[in-house]
Amino acid sequence: MSDDALKSMLDRKGTSDFVEKHLKELLTALESLVDYGTNLIARSFVSSPRQFKDSYILFVHLQQFVAHLDSVAELMRKGSCLSANLQLRSILENFLILKWIFDANTDNKIEHIFVANLRRRRAWQAIALPGTPEAIRHSIAAARLKTTPSAISSVAKEIAQIDKLLAETPKVAINAEFEKFNKKRGFDPQWYTLCGARSIRHIATSLGRKQDYDYIYGPFSGVSHGGDIWKSIMFRKNKFEVHQIRTVKEIPSLSQLAANYAVEVYRLILTAYRVEELERFNQRYFADWREPFRKKYNFVIAPKFVEI
C-alpha cells in the first residue's frame, strides 16, 4: 500500500525531462503563438469601432481562444496529451463559431449571443429573489444563499436593468424567440440554433469543414465525456493494459493542430480589424512558426502500459 504515484502509471519527471530535451523548439513556437495572440487582442480593439460586437469578438471569443491555446502549450510541457484533447476540442469549436459569425449576418448573431447571456445572467440572479420562478425552481440553492436586504435590492436593480436591455430593438424580438422555446421545453436553446444552425456539426458542414468535425471534434468529444475506451485501455487475454497518464507521442501532432487553428483564427481577426498586418503576419509565419510545426521529430516511443 502506498500513497505515492505509481511510476509506471505517472512519471512526471521522466516525461517533463523528455519534452525539454526533444521538443523544446516545438513548444517554444507554440508559446510564441500564444504571445502573439495576447497582443493581437489589444491591437485589434484599438483599431475597431469599439462597439459591443468588437468587445465580444476580441475580449470574449478571441481571448478565450488564446486561453485554450495557452492551456495546450502548458499541458504539452507536462506531456498531458489526454487533457490537451479537451482544450483542442474547445479550440476547434471556438474557431468554427468565430468563422461562422464572420461568414454572414454577424451583427444578428452577436445580438443573439448577447440576449442568451443576458437571459442566463437574469435567471441565475433571480434565484436570490424570494418568490421568483427561479427561486422556487432552485429552492435548495436559494435556501443556501446568505442574502441581506441590501443584496436583494442590488439584485433586483440588476434584473430591472437586464429587462430594460431586453426590451430594446432588436433584442426584444430575439428574447421572444428564446421565450417561446423555453415555454415549450423548459430551458433556453443554444443561441446559434435560433440563427439557423442546428448544432456544431451543422456549423462545420456549412463552412465546408465537416472533416474537422468528423476527425477531430468527434473523437476529442469522446475523451471530454470519458467515453473513449481505447484512449485508456487495451484488452488482452486474461488481462488488460492501461495507458500511462502522461505521454509524449502525440505532442507534435497535437501542437501542430493547435497551431493550424491559431493561424486561421488570427488571420480572421486581422482581416476584420488590421488587414494591413496580414502580409507581415504571413511573413512571420514562414520565418518563425512554419518549420517547427512541420518538422519531423525523430524519436521512437515504445508504448508503455500498466498490466492489470
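Data for the structure
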read-out: In the range 17-40, the residues that are farther than 21 Å from residue 61 by Cβ and of a type in the set (A, V, I, L, M); value: 19, 23, 26, 27, 29
read-out: Single residue of 241, 158, 179 found to be in contact (Cβ under 8 Å) with a residue 40 or more places away in the chain, surrounded by 12 or more Cβ atoms within 10 Å (Cβ to Cβ) and of a type in the set (Asp, Glu); value: 241
read-out: Unmet criterion (only one of (1) assigned to a loop (DSSP other than H, G, I, E, B); (2) at pLDDT below 95) for residue 168; value: (2)
read-out: Condition broken by residue 44, with the remaining ones in (1) among the hydroxyl-bearing types (Ser, Thr, Tyr); (2) over 13 Å from residue 273 (Cα atoms); (3) surrounded by 20 or more Cβ atoms within 10 Å (Cβ to Cβ) satisfied; value: (2)
read-out: Enumerated helices (runs of 4 or more DSSP H) restricted to the range 1-63, each holding at least 2 residues that are over 21 Å from residue 91 (Cβ atoms) and among the hydroxyl-bearing types (Ser, Thr, Tyr); value: 12-22
read-out: Residue in the range 271-287 that is modelled with pLDDT of 95 or more, β-branched (Val, Ile, Thr) and exposed (fewer than 14 other Cβ atoms within 10 Å of the Cβ) present; value: yes
read-out: Selected residue [touching a Lys or Arg at 6+ places or on another chain (Cβ under 8 Å) and not hydroxyl-bearing (Ser, Thr, Tyr)] from 27, 92, 62; value: 27
read-out: Index of the failed condition, residue 72 passing every other in (1) in contact with a Ser or Thr (Cβ under 7 Å, 6 or more places away or on another chain); (2) of a type outside the set (Ser, Thr, Tyr); (3) surrounded by 17 or more Cβ atoms within 10 Å (Cβ to Cβ); value: (1)
read-out: Residue within the range 59-73 that is over 30 Å from residue 109 (Cα atoms) and of a type outside the set (Gly, Ala, Ser) present; value: no
read-out: Output for the range 1-33, where each listed residue is within 28 Å of the chain's Cα centre (by Cα) and without any contact (Cβ under 8 Å) to a residue 60 or more places away in the chain; value: 20, 24, 31
read-out: Out of 93, 111, sole residue that is touching a Pro at 6+ places or on another chain (Cβ under 9 Å), part of a helix (DSSP H, G or I) and not small (Gly, Ala, Ser); value: 111
read-out: Condition check for residue 20: under 30 Å from residue 278 (Cβ atoms) and not β-branched (Val, Ile, Thr); value: no
read-out: Any hit, the range 203-214, residues being over 22 Å from residue 91 (Cα atoms) and part of a helix (DSSP H, G or I); value: no
read-out: Identity of the residue in the range 78-90, assigned to a helix (DSSP H, G or I) and among the small types (Gly, Ala, Ser), that ends up surrounded by the most Cβ atoms within 10 Å (Cβ to Cβ); value: 84
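To keep it simple, each residue is scored yes or no on (1) over 20 Å from the mean Cα position of the chain (by Cα); (2) modelled with pLDDT of 95 or more; (3) not basic (Lys, Arg).
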| position | (1), (2), (3) |
| --- | --- |
| 38 | no, yes, yes |
| 53 | no, yes, no |
| 58 | no, yes, yes |
| 63 | no, yes, yes |
| 124 | yes, yes, yes |
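Yes/no matrix, rows are residues, columns are (1) under 21 Å from residue 167 (Cα atoms); (2) in contact (Cβ under 8 Å) with a residue 24 or more places away in the chain; (3) buried (at least 19 other Cβ atoms within 10 Å of the Cβ):
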{"position": "65", "(1), (2), (3)": "no, yes, yes"}
{"position": "76", "(1), (2), (3)": "no, yes, yes"}
{"position": "92", "(1), (2), (3)": "no, yes, yes"}
{"position": "95", "(1), (2), (3)": "no, yes, yes"}
{"position": "98", "(1), (2), (3)": "no, yes, yes"}
{"position": "107", "(1), (2), (3)": "yes, yes, no"}
{"position": "116", "(1), (2), (3)": "yes, yes, yes"}
{"position": "138", "(1), (2), (3)": "no, no, no"}
{"position": "146", "(1), (2), (3)": "no, no, no"}
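The values are calculated or read from the model by the stated rules, or taken from the named source; none is laboratory data. Note that this is a predicted model, so its numbers are computed, not measured. Please note: Cβ atoms are built from the backbone with ideal geometry, for glycine as well, and neighbour counts cover all protein chains shown.
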